[in-house]
Structure formats: C-alpha cells, structure tokens
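To start, the structure under review is shown below, and the notes come after it.
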Amino acid sequence: MPSHISAPRRTPPLWLIPALWTLGLGLWGLSRQGSLWRDEAATWQVALRSAADIRAMLAHVDAVHGLYYLLMHGLFDWFGPTTTTLRLPSVLAMAGAAACVTVIGERLAGRGAGLGAGMALGLLPAVQFYLQEGRPYALVAAGAGVSTLLLVTLLGGRDRWGRWAAYAGTVLVCALLNWFSLLILPAHAATLAWSGAGRRMWARWTAASAAAVAGALPLILFTSGQSRQVSWIPPLTWHMMIGPAVLLAVGGLGALVDRPGGRRLSVASVGLPLLAVPQLGLAAVSLDKPLFLDRYILFSLLGLALLIGSLLGAAVRVVAPRFPAAARWLVPVLLACAVAALLPQALAKRSPSSRVDDVLAMTADVRRMKEPGTAVVFLPGARRDAELVSPEAFSGLRDIALARSPRASGTLNGVEAEPARIRAAMLTQRRILLVTDAPEAARPENGRREKVKAAVLRDYFTVIEDERVRGRRVTLYARR
C-alpha cells in the first residue's frame, strides 16, 4: 500500500454504545443501599446450599427456577455471596439484550432505528426495575434477544442448520429459566407469517421450535404440581390491562410508522408480535388460572424497544433532507429528554423502598431487642427468610415453631410444627420476638399455624416494643 494512502478507519460496532449504556444504568446504584427483598432473599439462601441440597429442594418447590439457582450457586461459590454477585448477571444479560435489539433495528431500519431501540430498552421503567434484580427475568430477556436476532438472520437469507440449532438451544435455555418464555414462539410464528416465509423456512422453524418445547416439556409437567407457589397471584382485572394496553398503543404507532411495502421482514413484523403476543397470550392464560405478572413476560419489551427505535428512525429520515446537521443530533437529544423525564423513576427504582420489603432492614432491631432466653416466631413462616439470609443477627434466638430446617426438609423456609405444638411452645416462653410483614406489605394469611401464633400473642402477651421498617415489622412481646 502506498505510504500516502491511509488505511480506512474502523469504527466500533453500533451495538457497543447501547450495551455500555445499559451496563452503566445497571451498575448505577446496584447495591440499592444494601437492601435485599424477599424474592432475592430466596435466590440468596438457595444459592448458598450445596448442589445436592438444591436438587433435593427442587423436588418439592421452585423447580421452575432450578437452572437459575444452580447458576447462582456456582457464581456464589466462585465470587462470594454479595449483592454485586447476585445482581450483576441481570445487568450483563440486559446489556446483551440491548446489543441484540440494536443489531436487529440497524439491520431492518438503519442506524438511527438501531441506536434508538438499543438505548430506549434500558430506559423502560420495567427494564430498569428487573435490570438490578437477583432473579432470572433479565437472563430470559437476553435469550429472547439472541433467539430473535437468530431468526432475523435466518429470514434474511443466512439459512444454516447450525443457526437453527442455536435458535432451538437458546429458546430451550430460556424455557428452563422460565418456561413462560415459550410465548416467544407464537410471536416468532407471527413474524414468519407477516414476512411471507416460505415452506422450507416454516418447516425448519417448526422443527427447531418442537425440539425446544420437547426439551422443556418435562420441566413444565413437573412444575405443574408445584402450582401452589403462584396461588397468591390475583385474578386478572381490567385495570391490570391498562399498562399492557398503553404499551400496545405505543407499539402500534411504531408499527404504523415502519410501513413495510408488501410482505417482507421489517421492524414492525418483528417488534409488534414480540410485544403483543406474549402480553395477550399470558392474559388469555390468566383468564383460566391467574398468572399475569409483568416479570414473566419482561422479554416482550424488546419488541417495544424495537418499535420505539422505528419511531426515532422515522423522525431522523423526516428531518435529514432539510436539516442534515440536526438529524445527526436528533436521537441523542430525544434520548436526553427521555432521561430527564424518567430520572425520578430511575432514582426511585434504585431505592430500597422500590420493593415490597427489605429483608435486611430490621436485622439491627433484632440485634438490639434480643436477649438470652428470647424466642423468635415468624408470621408467616416465609418471613424466616430474614434469618436464612442474616443468621448472625438471629444467633441466640430459639425458633420455637420450626420442626425441620429448610435444608433438612428440602424446602425454602423449613417445615413448622403442628399448630397445637406451636401454641404449647409459645405458652412456655417469657419473651417472644415476632418477625412479620408491615401492614402495607402483608398478604392475607389464613393458615392454621398463622392464626394460632396471632391468637396466642394477642391473648397471653403484651407488646414491649414495636418497630416497622421498609415493609418488615419486629415486635417484642412479654408474657403477661
């Protein structure tokens, strides 16, 4: 090469910008001021068990999260149990999802749409919530991004068996993390139909999808016997559909702007089904059995991000002919406005009060109130998660209701004694420390054990001290 000819400058890939942006959003306030809420506490205490103990527990409860628990067990072993270890996988996963959305948007509608989609994903309030959550939902979103990108690649003419195998494997892994993610398959089927896929494409997609479903089917059948875990989810109501309706309206606007000519692959044909089908599918299932929770279909928001990117890309195309200099700054300026508008929500999502409760918040009160000979009672028994996550705070306290420990019983929170034995044990105590939910975080408890605990404390004990903090309540009782 002649010395006067310089080599072309290599610019970094576009997807790197949204990936780093989302990573930064995730690392910002990651510890949430040292708080840990009840769902994350379940991850924490299960991940500290041995692999054999985890497998024994999954036979009784939470098998739907088995793969995730084993993953976190390995990470806790390797890096130690910290809130960073707990939440960083979700941050990295959502950064990967943002990268996938960027590539899809850029490939189908140009750089403006791709950049807008990737940057918008991390700003969505629900994404910011689960971006810093020690649960599997962000990992499922990353898998949905990878599988959708693979489908777009295959529909774009790069039809290889290896990619179909990767597609099936990705869908299967997502299903093993949370099998509600299989709702992505009818969304992808709608994309195939909308884009006018041929018979060969349909046949290969059907084979890959069937393989993924077959791999997940044993888990689906097994976890159907553990459905009591989700019995607390309320029935579907019209007001619960307001949020999804708003999302679908925004997504529909993005699809209209995209306006593909004829039956071809486009942002609309990918993003709208990805947004709408999981939302409507889970709502339809919930008419029979209440299961509608936004976290189960968090991955559908990748479709919303794509459609928002389509709107931003269209705005750039409108402005560019008349104001080419302004067009280059349009997406950054609009994103800056969105950041400013959503800043209060972003700050709220990173505070301990953003969750139902804080398992660790009342441990200082427990340390202060306890004294030798004090018993501890958890109401309901699931509030034992505080002791399981912070055992040093409860050292010296006798858990008089517990019959078998969580590890020995293969359960999340242990097995408590029969109500009569709990009552007798409580009546022999001089001081009892009650750990329960604050009223604003409590669910109705109708179990016999819970009724007995409450009745004994009400009829035979007097309140000495009562503290409420971040959704938890600690009350010290003395025998009358």
Could you give me the percent of Cα pairs per 10 Å distance bin for the stretch 1-157, shortest bin first, beginning at zero and ending with the bin that holds the maximum distance? 11, 32, 27, 18, 8, 3, 1, 0
Carbon/sulfur accessible area of the chain, % of total, 1.4 Å probe, equals 64 percent
Tail weight of P(r) past 18 Å, computed on alpha-carbon pairs of the stretch 131-210, percent: 38 percent
LEU342 to ARG458: extension gain in nm, 0.36 nm per residue of separation minus the Cα-Cα distance? 37.2 nm
For the stretch 148-241, with every protein chain kept in place, what is the accessible area per residue (1.4 Å probe, Å²)? 50 Å²
Rounded to two decimals, what ratio of Rg to Rh does the chain give with C-alpha atoms and a Kirkwood Rh? 1.04
DSSP-assigned coil residues among trypsin sites (Lys or Arg not before Pro) in the stretch 311-394, each with at most 14 further Cβ atoms within 10 Å: ARG322
Distance between Cα centroids, the stretch 416-478 to the stretch 32-103: provide it in whole Å. 31 Å
Hey, what's the stretch 386-447 come to in accessible area per residue, 1.4 Å probe, Å²? 48 Å²
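Please identify the trypsin sites (Lys or Arg not before Pro) of the stretch 138-197 that satisfy two criteria: DSSP loop assignment and at most 12 other Cβ atoms within 10 Å. Which are they?
Those satisfying the criteria are ARG158, ARG160.
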Relative intensity, log₁₀ I(q)/I(0), of the stretch 315-436 from a Debye sum that treats every alpha carbon as a point, q = 0.09, 0.17 Å⁻¹: -0.46, -0.91
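Which order do peptides 292-305, 79-92, 198-211 fall in by mean Cβ count within 10 Å, highest first?
Packing proxy ranking, top to bottom: 292-305, 79-92, 198-211.
The values are calculated or read from the model by the stated rules, or taken from the named source; none is laboratory data. Keep in mind that what you see is a predicted model, and the values were worked out from it rather than measured. Don't worry about glycine lacking a Cβ; one is built from the backbone with ideal geometry, like all the others, and counts go over all protein chains shown. These accessible areas exclude ligands, DNA and RNA; they are computed on the full protein's heavy atoms, side chains included. Shrake-Rupley method; radii C 1.70, N 1.55, O 1.52, S 1.80 Å.
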